[in-house]
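Any read-out appearing in this document is the output of simple, stated calculations on the displayed coordinates, not a laboratory observation. Since the model is a prediction, treat every value here as computed from it, not as a measurement. Every residue, glycine among them, receives a Cβ derived from its backbone with ideal geometry; neighbour counts consider all protein chains shown.
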Amino acid sequence: MNRRKFLALSAVAVMGLAMVPGVQPAHASTPRLEEELKKRLGVSLAQIKEVPDVKLTAPTIAESGANVPVTVESTIPIERVEHLWIFVDKNPVPWIADVKLTPMNGQVFFSTRIKMGETSNVRAILKLKDGSYVMATKEVKVTAGGCG
Amino acid sequence: MAIGAGILRVPKEAKKGEVVRVQMVITHPMSPPRKDPATGQEIPPHTLTKLDLLFNDKLVSTINMGAGVSANPFIAIALKVEDSGVVKIVYEDNKGGKWEKTADIKVT
């Protein structure tokens with residue numbers, strides 16, 4: 001292979017990668033997630049606002065789906081926050097965990113390790129005292145699933 | 001370690017009004033419901049379901065979880081301390097197991 005041919009080929013390869021519709025918008029939902037949100041929160045995803053005040057820390061690419069570290073933090077004062085949920089859109093059971101928070105927590109901070117079956121959005125949802133919901137979303141790419 | 005054994009870690013000392021991190025690791029399989037690949041029989045799930053965090057016997061947080069949490073769960077959560085006291089976690093699983101663990105914290 002000469003240099004010119006190689007360059008042409010790699011250009012094609014890069015184009016191909018760019019075409020893959022891998023990145024989905026943050027608000028794209030799955031039926032399973034909607035069902036779970038209705039059941040546990042009583043709202044649909046469209047009613048939850050994505051805000052920068054909620055910070056969700058998770059790896060962009062997870063080494064193993066069996067153990068993905070997730071940290072939820074927020075600058076919203078704890079007095080205004082009631083409850084916290086963690087969801088993974090494409091898991092067989094999207095609900096991972098939920099935490100009832102009280103002012104005695106002092107701060108919105110929760111960290112754990114979760115299982116992910118495949119590449120999916122991870123969501124941290126907070127319920128505020130005024131009844132509204134806010135969230136942070138992050139896509140985590142998983143190469144080896146961890147749901148059995 | 002046996003199922004249900006846990007490690008609870010808090011700072012030994014803290015300032016009044018400080019927000020500290022309470023960290024814990026619990027030995028538990030957290031297995032989801034699944035079929036035995038050899039026999040096709042259903043294997044029921046075995047997971048922790050609930051964990052209460054108490055400070056001086058006052059309920060601070062309740063954490064509900066399912067099989068989506070990794071095996072041997074690690075959990076970290078914030079706690080604001082105003083007085084010296086005892087941090088206690090009480091956790092249970094879906095097979096009736098119930099355990100608790102305490103740690104002291106000195107507030108200056």
- [ ] Could you compute the FRET efficiency for B:LEU59 and B:SER31, with r as their C-beta to C-beta distance and R0 at 35 Å, rounded to 0.05?
- [x] 0.80
Open item on the list: Please report the spacing between the Cα centers of segment A:93-126 and segment A:27-61 in Å, no decimals.
Closed with: 11
Task: For chain B, alpha-carbon Rg relative to the globular expectation (2.2 N^0.38 Å, N residues) - done: 1.25
Task: Peptide-level mean, for B:56-62, of C-beta atoms on other protein chains within 10 Å - done: 4
- [ ] Could you please rank B:TYR91, A:TYR133, placing first whichever residue has the fewest other Cβ atoms within 10 Å of its Cβ?
- [x] A:TYR133, B:TYR91
TODO: Using a 10 angstrom cutoff on alpha carbons, build the Gaussian network for chain B and name the most mobile of B:LYS35, B:LYS95, B:LYS58.
DONE: B:LYS35
- [ ] Can you put A:ILE61, B:ILE3, A:ILE48 in order of Cβ neighbours within 10 angstrom, beginning with the fewest?
- [x] A:ILE61, B:ILE3, A:ILE48
Task: Residue exposure sequence - B:LEU8, A:LEU128, B:LEU79, B:LEU48 - by fewest surrounding Cβ within 10 Å - done: A:LEU128, B:LEU8, B:LEU79, B:LEU48
Task: Among the listed pairs A:LYS100/B:LYS98; B:LYS12/B:LYS88; A:LYS127/B:LYS95, those beyond 22 Å (Cα-Cα) - done: A:LYS127/B:LYS95
